[in-house]
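The values are calculated or read from the model by the stated rules, or taken from the named source; none is laboratory data. Predicted model, so just to flag it, every value in this text is computed and none were measured. Positions of Cβ are generated from backbone atoms using ideal geometry, with glycine treated the same way; all protein chains shown enter the neighbour counts. Ligands, DNA and RNA are excluded from the accessible area calculation, which covers all protein heavy atoms including side chains. Shrake-Rupley method; radii C 1.70, N 1.55, O 1.52, S 1.80 Å.
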Amino acid sequence: MIVRFLFLFLFSLVFCQKDYHLDGVVAVVGEEVILKSEILDRVSMVAKQKNISPQNQPYLFQQLFETTLQESVHRLVVLHFAKKDTSIVISFDDIDLELDSRIAYFIESFGSLSALEEAMGLTVSEIKEEYWEVVEQELLVDRFRLGLFGGVSVSRKEVVSFFEENKDSFPPSP
């Protein structure tokens, strides 16, 4: 089973490197579908930022894939409930400002605008168009969470008490 999984994983990496997209559904949340290609695109960008090579560090790359998939599933579950909350409004300017901020961050990470565009294979306007809906959804989820948990505060004493009561649930720290 592990050998088969490893073969499929490495096989997909080879094709992704040649711009062939092996696609498939990796998760379904409500009516939303998460495609393997979507997760691989996100993972590839993060892997480049963190200098994780899928060929040299397949275990780290796989962990990053699984974490990204799990985060996507969680986001879609929360998004489902956030869309039902009619009190949350996301404006055009909110999305545009957030996209500008993220693009500035990525330009800094990649070293230049041209390096970012080359890495993504898109111009800045195409990047904005490609990620517009994603950013809109993320802002909706963030505001929904803020509405639910914005007034919650936890003291240091409560954190320490929780840790002491649940030590067995935490992995040992170095």
Checklist entry - Out of the stretch 142-162, which residues are modelled with pLDDT under 90 and of a type in the set (Phe, Trp, Tyr)? => result 149
Next on the checklist: Contact list please: Cβ distance under 6 Å, first residue in the stretch 33-58 and assigned to a loop (DSSP other than H, G, I, E, B), second residue not aromatic (Phe, Trp, Tyr), pairs at least six apart or on different chains.
Outcome noted: 52/60; 54/13
Checklist entry - Just a yes or no: is a residue in the stretch 96-106 over 30 Å from residue 51 (Cα atoms) and open to solvent by 70 Å² or more (accessible area, probe 1.4 Å)? => result no
Next on the checklist: Residue under question is residue 86, and the condition is that it be of a type in the set (S, T, N, Q) and surrounded by 15 or more Cβ atoms within 10 Å (Cβ to Cβ); does it hold?
Outcome noted: no
Checklist entry - Given (1) open to solvent by less than 50 Å² (accessible area, probe 1.4 Å); (2) within 22 Å of residue 38 (Cα to Cα), where does residue 112 come up short, assuming only one miss? => result (2)
Checklist entry - Checking residue 119 against (1) part of a helix (DSSP H, G or I); (2) at pLDDT below 90; (3) open to solvent by 50 Å² or more (accessible area, probe 1.4 Å), which single condition isn't satisfied? => result (3)
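If a residue must be open to solvent by less than 40 Å² (accessible area, probe 1.4 Å) and within 12 Å of the chain's Cα centre (by Cα), how many such residues does the stretch 35-72 contain? I'd like the intermediate steps shown before the answer.
Residues of the stretch 35-72 that are open to solvent by less than 40 Å² (accessible area, probe 1.4 Å), as a first pass: 37, 39-40, 43, 45, 47, 52-54, 61-62, 64-65, 68-69, 72.
Next, from what is left, pick out any that are within 12 Å of the chain's Cα centre (by Cα): 39-40, 43, 45, 47, 64-65, 68-69, 72.
Within the stretch 35-72, residues that are open to solvent by less than 40 Å² (accessible area, probe 1.4 Å) and within 12 Å of the chain's Cα centre (by Cα) number 10.
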Item to check | Hits in the stretch 128-174 (condition: assigned to a helix (DSSP H, G or I), open to solvent by less than 80 Å² (accessible area, probe 1.4 Å), without any contact (Cβ under 8 Å) to a residue 12 or more places away in the chain and of a type in the set (Ser, Thr, Tyr)) | outcome: 161
